[in-house]
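One structure is given below, encoded as structure tokens.
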Amino acid sequence: MMFFNKSIALFCHVTRFNECLPVKNEKVGKVRVMEEKFDEIEQKVKELIERILKVKGKGTEIKRESTLADLGGDSLSALSILSALEQEFNISIPDEEIVDIGNFSGAVKVVKKYVKDYR
Amino acid sequence: MRKRVVVTGMGVITPLGNCIKDFWNAIVNGQSGVKNITRFSIEDFPVKIAGEITNFRPEGFFTDDKMDRLDRFSQFALASAYEAVNDSKIDVKKGGRYDIGVVLGTSVGGIYSHEKAAEDLFTRGFKFVDPISIPKVMYNSGACHIARHFGFMGPNYTVTTACASGANAIGEAYKIIRDGYAKAMVTGGADATLSPVFFAAWCKLRVLSRQNDSPQKACKPFSKNRDGLVVAEGAGVLMLEELESAKERNACIYGEIIGYGSTNDAYHLTFPHIDGEVKAIENALKDAQVSKEDVDYINAHGTATAINDSVETDAIKKVFGDKAYSIPISSTKSMLGHTLGASGAIELITCALSLNKSIIPPTINYEEPDPKCDLDYVPNKARKADINVSLSNSFGFGGNNAVLILKKLNNDEI
């Protein structure tokens with residue numbers, strides 16, 4: 001039951017985020033076009049990685065193929081990202097998945113694997 | 001052969017300023033850095049004052065975006081080291097230097113990160129424990145961050161002897177250079193003591209001043225109306241260097257460390273004992289090969305607890321005899337509060353500045369003479385004085401005593 005609620009909460013959060021996106025500013029509008037390529041989980045993972053690696057303001061854009069190294073992260077950042085993913089999605093990620101956190105799409109894949117299990 | 005060891009760089013982070021210049025101006029003018037605590041809620045705490053640092057921004061020192069991986073004590077250590085290394089103008093080579101090391105003192109290391117992780121675990125659950133907690137909490141993290149940041153790959157360790165940590169660290173770094181194991185050492189102490197559980201525990205020891213209504217007047221070392229110490233946070237870092245290599249590169253030399261004495265009372269966990277303190281001072285004088293008559297200034301441990309100040313006074317009298325009455329003695333803690341593991345380092349820096357500027361900073365808040373403390377404590381106003389040899393006392397809980405002696409270099413030696 002708890003996990004069900006969590007999924008709803010996640011969904012609501014993402015919906016709210018999309019609603020809040022500014023559209024007037026041309027520059028931001030362009031970003032929005034790029035962000036729309038991401039699904040809900042991808043968007044959430046992206047925000048979380050941006051926050052942990054302090055990506056914003058560095059002129060770096062997180063893409064599906066981005067690696068942790070591209071974004072200025074290291075093995076300790078990977079641990080922080082893992083922990084934040086576990087908190088955000090209320091999942092437990094086993095040690096053997098750590099390797100996949102090394103790039104953005106790997107992290108998304110891991111989250112989807114475990115979030116799906118809980119649903 | 002014994003190498004001579006000199007101080008060629010200094011840096012501080014204190015409640016009275018985040019650089020040597022601000023710190024010195026404040027202590028010469030007898031200012032106090034003690035204030036009401038703002039870092040955490042102290043509603044039901046009996047003590048509401050501390051030497052809190054309120055204007056420290058790590059990002060002001062570094063462009064490193066990983067500063068949140070450092071506990072506050074490591075940030076203090078690194079920021080002070082930054083000032084000391086820049087001040088020394090030592091060559092920081094790309095690829096690192098094995099002939100420069102780090103010995104740092106700290107009494108409680110990453111206590112804040114420890115408390116934060118505990119709070120997260122107990123109130124929110126396992127998932128919320130910060131995975132970087134271990135490297136933040138570990139006591140050696142301050143020394144390791146300094147090594148990593150500057151590429152100092154020589155001997156590196158951390159000394160923890162409570163309130164004597166900073167002085168013991170400097171003493172050990174001095175021995176490493178003296179015995180030829182490194183050309184230069186970054187050394188000193190750092191403590192970020194204002195963490196809720198740790199501060200509550202200090203309150204429970206009932207050794208803190210409770211003058212909550214007049215924070216700046218709270219710390220009264222050697223004054224009869226003293227009512228306890230004031231906890232403070234900060235860091236002091238020095239660059240020690242072999243005299244010959246400092247001369248070779250025309251470094252600015254603040255003074256020479258000529259003596260170090262270290263003992264343990266083997267007596268009581270929190271009460272000092274005169275014998276251990278006397279022996280530490282005597283050992284330092286012996287190591288320095290100077291006589292009692294040569295000492296021109298003593299920077300006291302001077303915490304403002306009833307017992308520390310009277311036992312320290314007795315120890316000085318026992319070592320120096322009649323000469324004790326004519327040596328100016330002052331307590332830097334009267335102005336900063338007690339920075340615990342950083343205090344020994346900040347106080348040796350005070351000695352070095354005193355040698356160079358020929359001014360002795362005062363013991364402020366000295367209001368009532370105490371028959372048990374009847375020496376010259378340079379009360380309330382700084383004093384001009386030519387100082388050739390100064391001695392700094394540090395006495396820690398657990399009975400740890402560390403004494404350092406610093407001497408001015410004569411012009412013909414430079």
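Check whether at least one residue in the range B:158-168 is within 14 Å of chain A (Cβ to nearest Cβ), assigned to a helix (DSSP H, G or I) and surrounded by fewer than 24 Cβ atoms within 10 Å (Cβ to Cβ), and report yes or no. For the range B:158-168, residues within 14 Å of chain A (Cβ to nearest Cβ), assigned to a helix (DSSP H, G or I) and surrounded by fewer than 24 Cβ atoms within 10 Å (Cβ to Cβ): absent. Criterion first (in a loop (DSSP other than H, G, I, E, B), in contact with an Asp or Glu (Cβ under 8 Å, 6 or more places away or on another chain), open to solvent by 10 Å² or more (accessible area, probe 1.4 Å) and not β-branched (V, I, T)) does B:D376 satisfy it? Against the criterion (in a loop (DSSP other than H, G, I, E, B), in contact with an Asp or Glu (Cβ under 8 Å, 6 or more places away or on another chain), open to solvent by 10 Å² or more (accessible area, probe 1.4 Å) and not β-branched (V, I, T)), B:D376 does not qualify. Taking the stated definitions as given, is B:H145 surrounded by 23 or more Cβ atoms within 10 Å (Cβ to Cβ) and out of contact with any strand residue (DSSP E or B) (no Cβ under 8 Å at 6 or more places or on another chain)? So B:H145 fits the description; yes. Figure legend. Inter-residue proximity from the range B:276-293: first residues on the phi > 0 side of the Ramachandran plot, second residues open to solvent by less than 80 Å² (accessible area, probe 1.4 Å) and at pLDDT 95 or above, beta-carbon distance below 8 Å, spacing 6+ or different chains. Indicated pairs: B:Q289/B:I258; B:Q289/B:G259. Of the residues making up the range A:26-68, those that are open to solvent by 80 Å² or more (accessible area, probe 1.4 Å), at pLDDT 90 or above and more than 14 Å from chain B (Cβ to nearest Cβ) are A:K63, A:R64, A:E65. What pairs come up if the first residue lies in the range B:218-241 and is over 18 Å from B:A50 (Cα atoms), the second is acidic (D, E) and open to solvent by 10 Å² or more (accessible area, probe 1.4 Å), and their beta carbons are under 7 Å apart, counting only those six or more places apart or on different chains? Pairs found: B:F222/B:D370; B:S223/B:E367; B:S223/B:E368; B:S223/B:D370; B:K224/B:E368; B:K224/B:D370; B:N225/B:E367; B:N225/B:E368. Here B:K183 meets the list (1) in contact with an Asp or Glu (Cβ under 6 Å, 6 or more places away or on another chain); (2) open to solvent by 50 Å² or more (accessible area, probe 1.4 Å); (3) within 14 Å of chain A (Cβ to nearest Cβ); (4) not aliphatic (A, V, I, L, M) almost entirely, failing just condition (3).
A count restricted to the range A:88-116 and to residues that are of a type in the set (D, E), more than 14 Å from chain B (Cβ to nearest Cβ) and surrounded by fewer than 16 Cβ atoms within 10 Å (Cβ to Cβ) stands at 1.
Does B:K127 satisfy being touching a residue at least 24 places away in the same chain (Cβ under 8 Å), part of a helix (DSSP H, G or I), over 30 Å from B:H268 (Cβ atoms) and within 14 Å of another protein chain (Cβ to nearest Cβ)? Criteria not met by B:K127.
The values are calculated or read from the model by the stated rules, or taken from the named source; none is laboratory data. Bear in mind the structure is a predicted one, so any value in this text is a computation, not a measurement. In this analysis, Cβ positions are derived from the backbone assuming ideal geometry, glycine residues included, and neighbour counts consider all displayed protein chains. Each accessible area value is taken on the protein alone, full model and side chains, heavy atoms only, with ligands, DNA and RNA left out. Shrake-Rupley method; radii C 1.70, N 1.55, O 1.52, S 1.80 Å.
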